[in-house]
Number of protein chains: 2
Amino acid sequence: MHFSDPLPLRSGASIRAYDLAYETYGTLNAERSNAVLVLHALNASHHLAGLYAGQEKSDGWWDNMIGPGKPLDTDRFFVIGVNNLGSCFGSTGPMHVNPDTGRIYGSDFPVVTVEDWVDAQARLLDALQIETLAAVMGGSLGGMQALSWTLQYPQRVRNALVIASAPNLTAENIAFNEVARRAIVTDPDFRGGHFYAQDGRAETKPKRGLRIARMIGHITYLSDDVMNEKFGRELRNALLREGAAPEGSDRVPAGDYRYTTQDVEFQIESYLRYQGDKFAEYFDANTYLLITRALDYFDPARAFDGNLSRALARATANFLLVSFTTDWRFSPGRSREIVKALLDNRRDVSYAEIDAPHGHDAFLLDDPRYTNLVRSRFERIASELESGADHE
Amino acid sequence: MHFSDPLPLRSGASIRAYDLAYETYGTLNAERSNAVLVLHALNASHHLAGLYAGQEKSDGWWDNMIGPGKPLDTDRFFVIGVNNLGSCFGSTGPMHVNPDTGRIYGSDFPVVTVEDWVDAQARLLDALQIETLAAVMGGSLGGMQALSWTLQYPQRVRNALVIASAPNLTAENIAFNEVARRAIVTDPDFRGGHFYAQDGRAETKPKRGLRIARMIGHITYLSDDVMNEKFGRELRNALLREGAAPEGSDRVPAGDYRYTTQDVEFQIESYLRYQGDKFAEYFDANTYLLITRALDYFDPARAFDGNLSRALARATANFLLVSFTTDWRFSPGRSREIVKALLDNRRDVSYAEIDAPHGHDAFLLDDPRYTNLVRSRFERIASELESGADHE
């Protein structure tokens, strides 16, 4: 959807005109009251779930959670996924032309915040003529957006599901983001953020930096335990067995160290390199900077001298918060801070701490205790909608 | 000290001739029985403690622990610090000329392991005519060397102090090492590891990669708690107050976000960049690869099907192990694995888990519970030496 009114941003800048890529699932009811907005984290998009024509397997990032009969049941809810401004999956971002200059934004794309995204999402809802959301839902950075919805547009949100999230980033979180950004920015192919094809110059993707950024990300998404379980100290050459090794591969006896500083020796190295290579092919470097900065900047308590309880006083939604025990990037303690601040304001809040081994990644994985919790929350929301509709 | 006999390495390669830089403190007694070998981790050297001529402040890395009247008292012990092979502080390393080729080693420097280092250290002791060590002592990777001493030369080690260490690296540890290595190796200035001045070509230090490597390191040396306490979400511009800001600096009102993706915004970013810049000036990139690989490869249980108890059966030394509660790089659980394996063999082992907020860095910091423990252990060793000397 194209928006031609400028969007003022928290930085003081504005975006003159922009597109938002979005997808919807299910049917908006006559009362226009069953809409659920689902918000994405760093490396995801408006494509939440389901199959495009010709696909056999969904590449929607929350396909296990959203669909007909699934915990967020698209037979009952009208679900909206929207790609955020500055991202690289269809909405206006750094790889597009700045209408003010006629040149590709690159690193001149304005810094966007969680609050700016929520404003843009609200305009999308206006355009879709949806006044009130049955729910907002998101994990990680998506959870921050869900929380921010309840503060920026309290009257428009009935329920908020805030999963594996935090009221702000810790110093350690910012530190990991900063290392990833430095890896990207100091890659010579980054060219100050103006690496796109323009003026007869070919694109030079800063793939070295993106690979490092993604490798760091993957380490922090997993728990130490699950890494040990999945990879441990397994050597890569342990897989290069008779018949299993591709022709001409660098075969060595299974289980022997090869004594190399630059080649892959351990399985975990192979996994990280693969993830880094894959990511560097499709992700935009400026988007990486923008989205990690949105994470860094989010801090609703900041305007209240760090007092989260006062910051959340505006929220009127009913809340479900979920955290995962081995998530060290957005640890349970961070979710509990939000729960406490909401309880200080006597809000309706449920909280579940799921004992899961998978670290931060757990919010994207199937765990019946987790998915059933989301399912039953949406059942409650559906029945409230039905009884609420009677009154309207 | 120069060694002209080739040193055979675990990789099958050998180093034909080499130098080891070392320093000694205190006096070797007549029985030659009061020697303590202190082993360094990634970014340290043979210079453990004390002042060089003209210095007012020691830049020895363990000056708080070692010296006259200090926990490891150089009035009673003859303390030896040795720079490991492959390092960049004086011993033969990748920046030196390979006598076999007449060319600088660069990335052709052979892969060295903890076991190889211990072999080289043993030859140094031979040259110093020290048959038996009163103690070996090290933290982190230095602790791995201390442990390995008790396995490779059990008859030459009376006591081992293994601090903030582990019987091997976890997958997560290897992963962090690998990201750091990839950052270095993919820096164009690394030039495949042959970046030194040679053949009329100027040196091109891969500083971008070294900076990233060091930033990652610093994050993992600190605890989340101490990072929050030291830096939290403090903005850098909070320091740029009237008078405190240098002339012409990019001043903004204290406490305001500047909304930038590439400039420093938070104190933690400033700290990490500073640490990265400093490190990139003096540390050698090939050394970084070699030393992190030595960490990755260390795994004494490997030859025993992963059974650490069987692996440690050879050790006869008396042990003190120390870990720190918030050390997530070498967590207390890893030290307890060593303790358990030693107890399985009915060895004399003491273990202390120090409740310290500083993460892995704690092993280098002053904490009376920790330093007093080391002090009393060395007092015990000293009195054993005195009574033992009577028998000899």
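Of all residues in the range A:107-129, those that are on the phi > 0 side of the Ramachandran plot have Cβ atoms under 7 Å from Cβ atoms of residues that are surrounded by fewer than 22 Cβ atoms within 10 Å (Cβ to Cβ), 6 or more apart or on another chain, in A:Gln129/A:Arg32.
The set of residues in the range B:141-175 that are open to solvent by 10 Å² or more (accessible area, probe 1.4 Å), part of a loop (DSSP other than H, G, I, E, B), away from chain A (no Cβ under 14 Å) and not aromatic (Phe, Trp, Tyr) contains only B:Arg158.
Taking the numbered list (1) in contact with a helix residue (DSSP H, G or I) (Cβ under 9 Å, 6 or more places away or on another chain); (2) part of a helix (DSSP H, G or I); (3) within 30 Å of B:Ala183 (Cβ to Cβ); (4) within 14 Å of chain A (Cβ to nearest Cβ) in turn, B:Pro357 passes all entries but (2). Summed over the range A:333-354, the residues that are out of contact with any helix residue (DSSP H, G or I) (no Cβ under 8 Å at 6 or more places or on another chain) and assigned to a helix (DSSP H, G or I) give a count of 6. Restricting attention to the range B:26-48 and to residues that are open to solvent by 40 Å² or more (accessible area, probe 1.4 Å) and among the polar types (S, T, N, Q), the residue that is farthest from B:Arg214 (Cα to Cα) turns out to be B:Asn29. Out of all the residues in the range A:79-86, is one or more modelled with pLDDT of 95 or more and over 18 Å from A:Asp19 (Cα atoms)? Yes, the range A:79-86 has at least one match.
Being in contact (Cβ under 8 Å) with a residue 60 or more places away in the chain and open to solvent by 30 Å² or more (accessible area, probe 1.4 Å) is the filter here, so list the residues in the range B:74-87 that pass it.
B:Arg76, the sole residue that qualifies.
Exactly one residue out of A:Glu172, A:Glu131 is more than 16 Å from the chain's Cα centre (by Cα) and within 30 Å of B:Arg181 (Cβ to Cβ), and it is A:Glu172. Screening the candidates B:Gln262, B:Gln275 for the property of being within 9 Å of chain A (Cβ to nearest Cβ) and either buried (at least 24 other Cβ atoms within 10 Å of the Cβ) or more than 23 Å from B:Asn168 (Cβ to Cβ) (or both) yields one hit, B:Gln262.
Among the conditions (1) within 11 Å of another protein chain (Cβ to nearest Cβ); (2) assigned to a loop (DSSP other than H, G, I, E, B); (3) under 29 Å from A:Ser270 (Cβ atoms), B:Gly232 misses just one, which is (3).
Considering A:Arg181, A:Arg191, the condition of being open to solvent by 10 Å² or more (accessible area, probe 1.4 Å), touching a Gly at 6+ places or on another chain (Cβ under 9 Å) and assigned to a helix (DSSP H, G or I) is satisfied by A:Arg191 alone. When A:Ser91, A:Ser45, A:Ser58, A:Ser33 are checked against the criterion of being more than 16 Å from A:Ile381 (Cα to Cα), in contact (Cβ under 8 Å) with a residue 60 or more places away in the chain and assigned to a loop (DSSP other than H, G, I, E, B), A:Ser91 stands alone in meeting it. The residues of the range A:194-212 that are open to solvent by 40 Å² or more (accessible area, probe 1.4 Å) and not charged (D, E, K, R), listed by number, are A:His194, A:Ala197, A:Gln198, A:Gly200, A:Ala202. Annotation note: of A:Asn345, A:Asn372, the sole residue that is modelled with pLDDT of 95 or more, surrounded by fewer than 20 Cβ atoms within 10 Å (Cβ to Cβ) and closer than 25 Å to A:Leu48 by Cβ is A:Asn372.
Within the range B:284-332, the only residue that satisfies the criterion of being closer than 19 Å to B:Ala171 by Cβ, assigned to a loop (DSSP other than H, G, I, E, B) and polar (S, T, N, Q) is B:Ser331.
Can you pull out the residues in the range B:269-298 that are touching a helix residue (DSSP H, G or I) at 6+ places or on another chain (Cβ under 8 Å) and of a type in the set (Val, Ile, Thr)? Listed by number, the residues that qualify are B:Ile291, B:Thr292.
The values are calculated or read from the model by the stated rules, or taken from the named source; none is laboratory data. No experiment lies behind these values; they were computed from the predicted model shown. In this analysis, Cβ positions are derived from the backbone assuming ideal geometry, glycine residues included, and neighbour counts consider all displayed protein chains. Note: accessible area is taken over every heavy atom of the protein model, side chains too, but ligands, DNA and RNA are not part of it. Shrake-Rupley method; radii C 1.70, N 1.55, O 1.52, S 1.80 Å.
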